[in-house]
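In what follows, a single structure is set out as structure tokens and then discussed.
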Amino acid sequence: MIVSDCYLNFSIKVGYHFSVIDAFASANPHQNYINLRFAGGGAGDERRGRRLRFLDTVLAGLDFQVYIQGDLLIARFDKFDQAATLDRLTDLGRLTLCARQLDMLMDSEETPRFFSEAFQKGEFDKF
């Protein structure tokens with residue numbers, strides 16, 4: 001982990017998935033960004049895919065641009081003010097905890113929507 005007053009680079013392996021957050025948050029919105037990479041999981045392809053759909057829905061709702069290829073998700077949030085960028089980093093912290101081993105719970109096509117709605121409503125007890 002690398003942390004300064006404006007910069008963060010955080011890598012975490014939780015269970016069988018790995019994520020990297022790289023972010024810069026300053027007074028100049030044109031310099032601000034968050035990059036997220038998320039890959040892997042302990043469940044089969046179908047359940048990992050459902051977790052990616054959950055992440056895609058949540059991240060898109062948080063104004064991230066999302067790209068998915070296979071089990072790799074890449075998301076970007078950029079050119080927002082410092083407060084919005086810091087808020088999104090807080091959201092990513094929550095999302096990292098909520099997504100931990102969530103692929104194991106993705107047993108139907110309805111679960112990505114269910115968990116997306118729970119996250120958006122702040123119902124973190126459902127995770």
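Counting pairs of alpha carbon atoms under 8 Å apart in space and at least six apart in sequence, what relative contact order in percent does segment 1-88 give? The partial results should precede the final answer.
Working: 162 pairs, mean separation 24.6, N = 88.
Result for segment 1-88 is 28 percent.
Rank Phe80, Phe54 by accessible area, highest first, at a 1.4 Å probe radius? Please report the intermediate quantities before stating the final value.
Numbers: Phe80 70, Phe54 0 Å².
Greatest to least solvent exposure: Phe80, Phe54.
Multiplying the sequence separation of Tyr16 and Ile74 by 0.36 nm and subtracting their Cα-Cα distance, what value in nm do you get? Intermediate results must be reported in sequence, preceding the final value.
Values: separation 58, 0.36 × 58 = 20.88 nm, distance 1.73 nm.
Taking 0.36 nm per residue and subtracting the Cα distance, the gain is 19.1 nm.
Taking the Cα centre of the chain as origin and charging only Cβ (+1 Lys, Arg; -1 Asp, Glu), how large is the dipole, in debye to the nearest 20? Before the final figure, lay out the partial values.
Details: 15 positive and 18 negative charges, 39 e Å.
Roughly 180 debye for the chain.
Helix-only mean residue ellipticity at 222 nm, the chain, DSSP H runs n ≥ 4 weighted -39,500 (n - 2.57), per residue, nearest 500. What is it?
Numbers: 3 runs with 45 residues, N = 127.
About -11500 deg cm²/dmol.
Which log10 I(q)/I(0) values, to two decimals, does segment 68-127 give at q = 0.17, 0.21, 0.26, 0.28 Å⁻¹ under the Debye formula with one point per Cα?
Results for segment 68-127 at q = 0.17, 0.21, 0.26, 0.28 Å⁻¹ read -0.71, -0.99, -1.21, -1.26.
For the chain, what Kirkwood radius comes out of the mean inverse Cα-Cα distance, in Å? Please report the intermediate quantities before stating the final value.
On the way: mean 1/r = 0.0678 Å⁻¹.
The answer is 14.8 Å.
By how many degrees, 0 to 90 and rounded to 10, does the Cα axis of helix 45-61 deviate from the longest principal axis of the chain?
For helix 45-61, the angle is close to 40 degrees.
Could you rank Val14, Val3, Val66, Val58 by how accessible they are, 1.4 Å probe, largest area first? Don't skip to the end; give the middle numbers.
Working: Val14 25, Val3 100, Val66 45, Val58 5 Å².
So the residues, ranked largest to smallest area, are Val3, Val66, Val14, Val58.
By how many degrees, 0 to 90 and rounded to 10, does the Cα axis of helix 111-120 deviate from the longest principal axis of the chain?
Taking the Cα atoms of the chain, the angle to 111-120 is about 30 degrees.
Measure nothing fancy, just the Cα-based angle from helix 82-99's long axis to the longest principal axis of the chain, in degrees from 0 to 90, nearest 10.
It works out to around 20 degrees.
Just the accessible area for Tyr67, please: 1.4 Å probe, Å², rounded to the nearest 10?
For Tyr67, solvent-accessible area is about 120 Å².
Note down the magnitude of the dipole of segment 29-76 about its Cα centre, charges +1 on Lys and Arg C-beta and -1 on Asp and Glu C-beta and zero elsewhere, to the nearest 20 debye.
Working: 7 positive and 5 negative charges, 18 e Å.
The calculation lands at about 80 debye.
Could you put Met104, Met1 in order of accessible surface area, largest first, with the 1.4 Å probe and the full protein assembly present?
Numbers: Met104 95, Met1 160 Å².
Descending accessible area places them as Met1, Met104.
The values are calculated or read from the model by the stated rules, or taken from the named source; none is laboratory data. Small disclaimer: the values here were computed from a predicted structure and weren't measured. Using ideal geometry, Cβ is built from the backbone for each residue, glycine included, and neighbour counts are taken over all protein chains shown. Ligands, DNA and RNA are excluded from the accessible area calculation, which covers all protein heavy atoms including side chains. Shrake-Rupley method; radii C 1.70, N 1.55, O 1.52, S 1.80 Å.
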